[in-house]
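*Asks:* Take a look at this one; I'll ask things after.
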Amino acid sequence: MNDTRPMIEVRGARKFFGPLEVLKGIDFSVARGQIVAVIGPSGSGKSTLLRSINHLETLDGGEVWLDGVQVNQKLDRRSFERHINGVRQQMGMVFQHFNLFPHLNVAENITIAPIKLKGMAKAEARALALKMLDKVGLADKIDAFPARLSGGQKQRVAIARALAMQPKVMLFDEATSALDPELVDEVNLVMKQLASEHMTMVIVTHEMRFAAEVADRVIFMADGAVVEEGSPAEFFRNPKQERTRSFLKKFLNG
Amino acid sequence: MQGLDFSIVPEYWPLIGKGLWWTVVISTASAVLSVLAGIGFALLVLYASPVVRYPVRLFMWLFMGTPLLLQLFLIYFGLVQIGIDIPAIWSGIIALSLHFAVYNADIFRAGIAALDKGQTEAARSLGFGAWRTRIYIVVPQAVRGTVPAVGNMMIALLKESSIVSMIGIAELVHSAQLVISETYRPFEFYLTAAALYYGLNLILEAVLRGIERKVELSR
C-alpha cells in the first residue's frame, strides 16, 4: 500500500449539461484520511463534481482516480459495468434526500448490499448492521421501516448503510440540507465521529460552520471552477479572492 | 308462469360447485401469471434492447386492440391449424393471462416511471448493477405502488374468466347453463352463479385490502 498516493484524484474534470459547461476543468485530490469540504453557491457544480467521483455523472473530459485505479476508464459496456460496480462498492455515498429503500426495514436497508454483492451470510450481515447502527446511535431502530423514522434518523441509517460496505471513502452530497434545523446536529455529530476515525471524506455542504470545524481543506467553487482552496483557518479568516469574500459575506450576514 | 324456487339448487350443487372450483383455479392461475408476465413485459419494454423491445411493444399493442374472446379463439382454435394443440384449460389460462398481463404491464411501467430517481442512484452507488437494481429495488417498490390498480384488474379478470365457457370449459357460468338446460330454471341458477361470483369478489377484495395494508407501511 502506498500511503502517499492520493485516495481520490480528479484531473481536468469537464462536464456539459447541453450547451452549459458545469465543470470547467477541475483538478483536486484528497489524501488518505483527509476531509475536504466543497462549498459554493448553488449551480456552482459542486454536487456534479461529487457525483462524478463515483460516476453517477459521466464526465465529458478528464479523469477520476480512486486509490490508484481510474474510475472512468474507457472499457466496453459490459466490462465497464463490472468495473464501476466494483469501484462503487469502495465508495459510500450519502444523499441530500437520504434515498433509503422504503420497502425494506432498517436492517435490510443496511444488509442488502453486503448480502447481495459480497455474498455475506444473513446472520453475519445483521451483526454488521447492528454494529453500524450502534455507531450512528440507532441500534434500537434495527427493525423499523424508514417511514417511521425522522429525517435525521433516516440520514443516520443512510450513513450506516454506506459504511456497511466498508468503503475507502465517503461522499456526502448536502447531507443535512433537507433536514429541519433541529435535526442537523445529530447527523453532523455522526460525520464528526467518522472524521475522528480518519475516514477519507468529501463533503459538499452549505454549512460554513460545520465545514470550518470538520474539514482539513476547504474548496470554494463557483461557475464550474475552483475559485479558491485552503485550510479552513486561512480560507474563512483570510479569503484571497474577491468572489470568495462576497460569498462568505453573504453567508455570514444571511 | 313459474315462481322462483331455490330449493332445487342444493340438488345440483355438485355440478355448480365444480364450476365454482374451475373458476377459482383458472382465475387464480391467470392472475398470478398475468402479474408475473406483466412485470416481465414492463421490464422488457423499458430496458431491453430494441430488437426485443419493439416486438414486445407490438405484441402488447395488438393484445390491447383486440377482444379477449377473439384472443381465446385464436389460441384454442387457431393455433391447432399450425400444429400447436393447447388443451382448453390451458388455452383459457393463457388467453386470460396474456390479456391482463398487457394491462398490468402498462400499470407497472407507469409505476416504475413514477419511482424517485434517487432510489436507483442509491442502489447504484452501493455497487448494484443495472439489472440487480431493477430486481431488488425498483420492481418491489413499483409493484407496491400499483397494488390498487392491479387489484382492480384482478377483479375484472375474475369476472372475465367466464369467457372460457365459450371453449367448453365448465366453469361457473357454463355449469349453470348445463344445469339450466336440464331443469329449465334459468333465473334460480344464474342468480346462484351471480351470488357465487359476488362472494368470490368479496373474498378477493378482502385479500387485496390485506395486501394494501401490508405494503402501506413499507412504501
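The values are calculated or read from the model by the stated rules, or taken from the named source; none is laboratory data. Just so we're clear, the structure is a prediction, and the values are computed from it rather than from any experiment. Because the Cβ atoms are built from the backbone with ideal geometry, glycine has one as well, and the counts that use them run over all protein chains shown. The protein model used for the area step is the full one, side chains on, heavy atoms only, and it has no ligands, DNA or RNA in it. Shrake-Rupley method; radii C 1.70, N 1.55, O 1.52, S 1.80 Å.
*Asks:* Please find the FRET efficiency linking B:Val25 to A:Arg209, where r is the Cβ-Cβ separation and R0 is fixed at 60 Å, and quote it to the nearest 0.05.
*Replies:* 0.35
*Asks:* Using the Cα centre as the reference, give the magnitude of the dipole from point charges on the C-beta atoms of region A:101-166 (Lys, Arg: +1; Asp, Glu: -1; all else neutral), rounded to the nearest 20 debye. The partial results should precede the final answer.
*Replies:* Numbers: 11 positive and 5 negative charges, 26 e Å.
Dipole about the Cα centre, nearest 20: 120 debye.
*Asks:* Quick one: of A:Lys131/B:Lys117; A:Lys116/A:Lys192; B:Lys18/B:Lys214; A:Lys135/A:Lys192; A:Lys118/A:Lys192; A:Lys15/A:Lys74, which pairs are farther than 23 Å apart, Cα to Cα? Walk me through the intermediate numbers first.
*Replies:* Numbers: A:Lys131/B:Lys117 29 Å; A:Lys116/A:Lys192 30 Å; B:Lys18/B:Lys214 33 Å; A:Lys135/A:Lys192 12 Å; A:Lys118/A:Lys192 28 Å; A:Lys15/A:Lys74 16 Å.
From A:Lys131/B:Lys117; A:Lys116/A:Lys192; B:Lys18/B:Lys214; A:Lys135/A:Lys192; A:Lys118/A:Lys192; A:Lys15/A:Lys74, over 23 Å: A:Lys131/B:Lys117; A:Lys116/A:Lys192; B:Lys18/B:Lys214; A:Lys118/A:Lys192.
*Asks:* While we're on this one: What percentages, rounded to whole numbers, describe P(r) for region A:139-243 computed over all alpha carbon pairs with 10 Å bin width beginning at zero?
*Replies:* It works out to 13, 42, 31, 11, 3, 0, in whole percents.
*Asks:* Translational diffusion coefficient of chain B at 25 °C, 0.890 mPa s, Stokes-Einstein with Kirkwood Rh over Cα pairs, in µm²/s as a whole number.
*Replies:* Details: Rh = 19.4 Å.
Answer, rounded: 126 µm²/s.
*Asks:* For the residue pair A:Ser231 and A:Lys118, what label-to-label distance in nm results when each label sits 7 Å from Cα along the Cα-to-beta-carbon direction?
*Replies:* Between A:Ser231 and A:Lys118, the label points sit 3.5 nm apart.
*Asks:* Provide the net charge surrounding B:Leu158, with neighbours chosen by a C-beta distance below 13 Å and charges set as Lys +1, Arg +1, Asp -1, Glu -1.
*Replies:* On the way: positive: B:Lys159; negative: B:Glu160, B:Glu171, B:Glu205.
After counting each charged neighbour, the total is -2.
*Asks:* Moving to a separate point now. Across peptide A:112-119, how many C-beta atoms of other chains are within 10 Å of each residue C-beta, on average? Each step should come with its number before you reach the end.
*Replies:* Working: counts 6, 8, 1, 1, 7, 5, 1, 0.
Whole-number average of other-chain Cβ neighbours for A:112-119 is 4.
*Asks:* Decide, for chain A, between rounded, prolate and oblate: order the square roots of the alpha carbon gyration tensor eigenvalues as a ≥ b ≥ c, take rounded if a/c falls under 1.5, and otherwise choose prolate if a/b is larger than b/c, else oblate. Provide the component values of the computation, followed by the final result.
*Replies:* Numbers: a/c = 1.82, a/b = 1.26, b/c = 1.44.
Note, shape of chain A comes out oblate.
*Asks:* May I ask you to derive the FRET efficiency for B:Thr183 and B:Leu70 from their Cβ-Cβ distance with R0 = 51 Å, giving the value to the nearest 0.05? Let's see the in-between values first.
*Replies:* On the way: r = 32 Å, r/R0 = 0.63.
Efficiency at R0 = 51 Å is approximately 0.95.
*Asks:* Now a separate question. Can you return the aspartates and glutamates within cross-link range of A:Lys250? Criterion is Cα-Cα under 20 Å, with same-chain partners fewer than 8 residues away left out.
*Replies:* Straight-line reach from A:Lys250, under 20 Å: A:Glu174, A:Glu207, A:Glu213, A:Asp223, A:Glu228, A:Glu229, A:Glu234, A:Glu242.
*Asks:* Compute the acute angle (0 to 90°) between the alpha-carbon long axis of helix B:13-47 and the principal axis of greatest extent of the alpha-carbon atoms of chain B; round to the nearest 10°.
*Replies:* Roughly 20 degrees between the two axes.
*Asks:* Can you give the percent of C-alpha pairs in region A:101-166 whose distance is more than 19 Å?
*Replies:* Values: 386 of 2145 pairs.
Within region A:101-166, distances greater than 19 Å cover 18 percent of Cα pairs.
*Asks:* Treat every Asp and Glu Cβ in region A:31-103 as -1 and every Lys and Arg Cβ as +1, leave all other atoms uncharged, and give the resulting dipole magnitude about the Cα centre to the nearest 20 debye.
*Replies:* Working: 8 positive and 6 negative charges, 25 e Å.
That gives a dipole near 120 debye.
*Asks:* When you look at the Cβ of every residue in A:96-103, what mean number of other chain Cβ atoms sits within 10 Å? Don't skip to the end; give the middle numbers.
*Replies:* Details: counts 1, 4, 2, 10, 3, 8, 9, 14.
Neighbouring Cβ atoms belonging to other protein chains average 6 per residue here.
*Asks:* Just to confirm the number: angle between the C-alpha axis of helix A:181-196 and the first principal axis of chain A, 0 to 90 degrees, nearest 10?
*Replies:* 90 degrees
*Asks:* Next question. For labels at A:Leu130 and B:Ile211 in the simple 7 Å Cα→Cβ model, what's the distance in nm?
*Replies:* So the label points at A:Leu130 and B:Ile211 sit 3.5 nm apart.
*Asks:* Using a 1.4 angstrom probe on protein heavy atoms only, which residues from region A:142-175 are buried by at least 20 Å² of accessible area when all chains are present rather than their own chain alone?
*Replies:* Buried by 20 Å² or more upon assembly, which counts only protein chains, are A:Phe145, A:Ala147, A:Arg148, A:Arg161.
*Asks:* Full extension from B:Trp13 to B:Ala194: what is 0.36 nm times the residue separation minus their Cα-Cα distance, to one decimal in nm? Present the calculation step by step, with values, prior to reporting the outcome.
*Replies:* Working: separation 181, 0.36 × 181 = 65.16 nm, distance 1.44 nm.
Stretched out fully, the B:Trp13 to B:Ala194 stretch lengthens by 63.7 nm.
*Asks:* Give the accessible surface of region B:132-219 per residue, rounded to a whole number of Å², with probe radius 1.4 Å and ligands, DNA and RNA excluded.
*Replies:* Values: 4350 Å² over 88 residues.
Here the residues of region B:132-219 average 49 Å² of exposed surface.
*Asks:* Shifting gears a bit: Compute the normalised compactness of the protein assembly as shown: alpha-carbon radius of gyration over 2.2 N^0.38 Å, N being the residue count. Before the final figure, lay out each step's value.
*Replies:* Working: Rg = 30.0 Å, N = 473, 2.2 N^0.38 = 22.8 Å.
For the protein assembly as shown, the normalised Cα radius of gyration comes out at 1.31.
*Asks:* While we're here: Using a Förster distance of 22 Å, how high is the FRET efficiency between B:Trp131 and A:Gln193, based on the Cβ-Cβ distance and rounded to 0.05?
*Replies:* Numbers: r = 36 Å, r/R0 = 1.63.
The computed FRET efficiency comes out at 0.05.
*Asks:* About the Cα centre of chain B, what is the dipole size in debye to 20, counting +1 per Lys and Arg Cβ and -1 per Asp and Glu Cβ, all else neutral?
*Replies:* Details: 15 positive and 13 negative charges, 220 e Å.
Roughly 1060 debye for chain B.
*Asks:* Can you give me the distance in nm between label points at A:Arg14 and B:Leu36, each placed 7 Å from the Cα along the Cα-to-Cβ direction?
*Replies:* Taking the simple label geometry, A:Arg14 and B:Leu36 are separated by 5.2 nm.
*Asks:* Does region B:98-219 classify as rounded, prolate or oblate by the C-alpha gyration tensor (a ≥ b ≥ c root eigenvalues; a/c under 1.5 gives rounded; else a/b over b/c gives prolate, otherwise oblate)?
*Replies:* Details: a/c = 4.77, a/b = 2.80, b/c = 1.71.
The shape class here is prolate.
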